[in-house]
Amino acid sequence: MIRRSIFIFVTLIIFLAGCSHEPDKNTLKIQDSPDSSLSVEPEKNTSKTQTPADSDQSEPRSENQIPLDSNQNKPTAPSTDEEILMKPPGRFAGSNYDEQKVKAALDQLPNDLTADQYTEELLLLLGEDYSSYITTFKEYDTEIKVDIERPNGNITLPASRKLHISILLDASGSMKAQINGKSKMDSAKDAIQIFADKLPENAEVSLRVYGHKGTGSQKDKQVSCNSTEEIFHGQGNQTNQIKTALQSVKPAGWTPIANALKSVKQDINPETTDSVVYVVSDGIETCGGNPVQIAKELNQSKVKTIVNIIGFNVDNEGQKLLRQVATSGGGEFTSVDNDESLKNVLNKAYIKLLGEWQSWQARGEGQANTQKEQKQGAFNTTETKMQILANKEYDNLLKALRYLQTKYGTAIPQDVYLQITERKSLAWNYARITKRRLYDEVAKNGKQVYDDFKNEGDKNIEDLKNKQNN
């Protein structure tokens with residue numbers, strides 16, 4: 001009986017052992033099955049913990065996660081500071097910040113994440129949007145562009161200014177008279193030639209004589225009073241042609257100032273923007289014309305013309321009448337009594353015209369400095385705003401981290417503090433270094449443009465002074 005009982009007991013043990021082994025084999029068969037839906041392998045824990053806000057959305061937060069590499073099917077971390085800062089902002093960034101909602105989202109985080117995972121989750125909630133500042137830095141043009149047309153050559157006016165200069169030379173018989181052993185005509189020719197040598201190269205110049213035909217006799221009055229002729233029309237740089245034209249002029253007859261002024265209209269190009277007349281005469285109108293009225297019409301015409309009168313050794317009565325002509329023409333009357341004073345008057349007029357150089361230089365330098373300072377100011381502003389945003393982000397991240405620390409204690413890795421501090425430094429340094437690079441580029445470009453205007457202006461102003469002195 002005892003032996004039979006032992007046999008039954010041993011047999012039962014063997015049977016139970018065999019039953020306990022069969023389930024293991026069955027489990028392996030299920031796991032190896034190609035039908036993955038039958039697998040009973042437990043789901044692995046991930047670093048992304050779903051928050052209440054996430055559970056209400058049908059779409060995943062893929063825009064706030066590191067993109068997957070299509071070849072390796074694994075996350076690809078941003079490779080540059082710029083890429084890191086250009087990641088989309090967190091759900092509670094900027095004006096969306098709500099401390100209570102942030103705490104509610106933090107309550108959903110587990111207490112067993114790594115430092116990297118905690119930092120990533122915090123940025124998904126509180127990372128700020130730096131894209132506008134980075135885009136501003138990337139797209140800002142550091143070039144300095146001063147839109148002022150440069151004069152070309154040694155002495156020119158800006159191409160936008162079309163200047164016409166008319167010189168009317170009295171060739172009446174009285175110009176034969178001498179002052180200090182030199183005829184008025186020769187003195188006038190010398191002064192005009194000196195004036196012409198200094199004219200702006202791209203100015204349109206007309207040289208007209210009047211009273212150069214006939215004689216001073218009554219029988220030749222009609223011929224002489226009708227005599228006005230343009231003997232040169234060209235550019236200010238054609239000084240040799242002007243000199244040649246002057247050589248043939250001889251004092252002859254009467255003084256038709258009004259007729260000469262009336263002829264100026266046909267000498268002026270319709271596209272002219274500035275027109276100036278210089279009448280060199282030793283006396284008043286002697287042909288019965290009305291130079292006061294003609295000068296007024298010129299000054300009020302479509303191409304406004306300034307009429308200046310240079311009275312060469314004119315008596316008091318003559319000065320009074322010529323002054324009226326200049327006044328009605330919007331110009332000035334100047335009385336000179338010898339060839340040297342005549343040259344000085346024309347020199348003065350020339351310097352006034354050539355004031356364009358000083359104006360061009362000053363405006364160019366000023367605009368270069370203004371643009372440089374404006375762009376550098378914009379860089380400073382962008383840097384400051386970006387760094388202020390980085391401070392705000394850091395404060396919010398630190399507040400959230402302390403909340404987790406209070407909740408979970410030492411379970412929160414200390415490296416998270418280091419990582420959010422590095423995040424702040426990253427934004428600060430990017431703004432500082434990028435600003436400095438662009439700032440220096442603008443400074444260099446601005447100085448180059450400034451120097452271009454200064455050097456070219458100085459050279460031409462110096463040339464002008466040398467010509468004046470000579």
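The values are calculated or read from the model by the stated rules, or taken from the named source; none is laboratory data. Quick caveat, the model's predicted, so the values are computed rather than measured. Every residue, glycine as well, gets a Cβ built from its backbone with ideal geometry; the counts of neighbours run over all protein chains shown. Accessible surface areas use protein heavy atoms only, side chains included; no ligands, DNA or RNA. Shrake-Rupley method; radii C 1.70, N 1.55, O 1.52, S 1.80 Å.
Given the residues Y439, Y394, Y430, which is the only one that is in contact (Cβ under 8 Å) with a residue 12 or more places away in the chain, touching a Lys or Arg at 6+ places or on another chain (Cβ under 9 Å) and more than 19 Å from E120 (Cα to Cα)? Can you show your working first?
Numbers: Y394 fails: more than 19 Å from E120 (Cα to Cα); Y430 fails: touching a Lys or Arg at 6+ places or on another chain (Cβ under 9 Å).
The match here is Y439.
Out of everything in the stretch 373-402 that is of a type in the set (D, E, K, R) and open to solvent by 50 Å² or more (accessible area, probe 1.4 Å), what residue ends up being farthest from V102 (Cα to Cα)?
Restricting to residues being of a type in the set (D, E, K, R) and open to solvent by 50 Å² or more (accessible area, probe 1.4 Å), the top hit is E373.
In the stretch 409-434, what residues are over 39 Å from the mean Cα position of the chain (by Cα) and surrounded by fewer than 16 Cβ atoms within 10 Å (Cβ to Cβ)? Talk me through it step by step, then tell me what you get.
Going residue by residue through the stretch 409-434, those that are over 39 Å from the mean Cα position of the chain (by Cα) are 409-420.
Matches in the stretch 409-434: G409, T410, A411, Q414, D415, L418.
Name the pairs: first residue in the stretch 239-251 and touching a residue at least 40 places away in the same chain (Cβ under 8 Å), second residue open to solvent by 90 Å² or more (accessible area, probe 1.4 Å) and basic (K, R), Cβ to Cβ under 9 Å, at least 6 apart or on different chains?
Qualifying pairs under 9 Å: K250/K176; P251/K176.
Residue by residue, here is whether (1) within 51 Å of the chain's Cα centre (by Cα); (2) at pLDDT below 90 holds:
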residue	(1), (2)
A171	no, no
A191	yes, yes
V209	yes, no
T255	no, no
E271	yes, yes
S275	yes, yes
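Where in the stretch 257-362 are there helices (runs of 4 or more DSSP H), lying wholly inside it, with at least 1 residues that are under 24 Å from T215 (Cα atoms) and open to solvent by 50 Å² or more (accessible area, probe 1.4 Å)?
Fully inside the stretch 257-362 and qualifying: 257-267, 316-328.
Do we find that N460 is part of a helix (DSSP H, G or I), of a type outside the set (D, E), open to solvent by less than 70 Å² (accessible area, probe 1.4 Å) and under 30 Å from L346 (Cα atoms) in this structure?
For N460, the condition - part of a helix (DSSP H, G or I), of a type outside the set (D, E), open to solvent by less than 70 Å² (accessible area, probe 1.4 Å) and under 30 Å from L346 (Cα atoms) - is met.
Pull out all pairs, ordered by first then second residue, where Cβ-Cβ is under 6 Å, the residues are six or more apart or on different chains, the first lies in the stretch 313-334 and is under 22 Å from S172 (Cα atoms), and the second is at pLDDT below 85 and part of a helix (DSSP H, G or I).
Every condition considered, the pairs that remain are T334/V345.
Return the residue satisfying two criteria in turn: it lies in the stretch 94-134 and is of a type in the set (D, E) and surrounded by fewer than 13 Cβ atoms within 10 Å (Cβ to Cβ), and of such residues it is modelled with the lowest pLDDT.
From the stretch 94-134, those of a type in the set (D, E) are 98-99, 107, 112, 116, 120-121, 128-129; that's our starting set.
Now restrict to residues that are surrounded by fewer than 13 Cβ atoms within 10 Å (Cβ to Cβ): 98-99, 107, 112.
Details: D98: 96, E99: 95, D107: 95, D112: 92.
Only one residue tops the list, namely D112.
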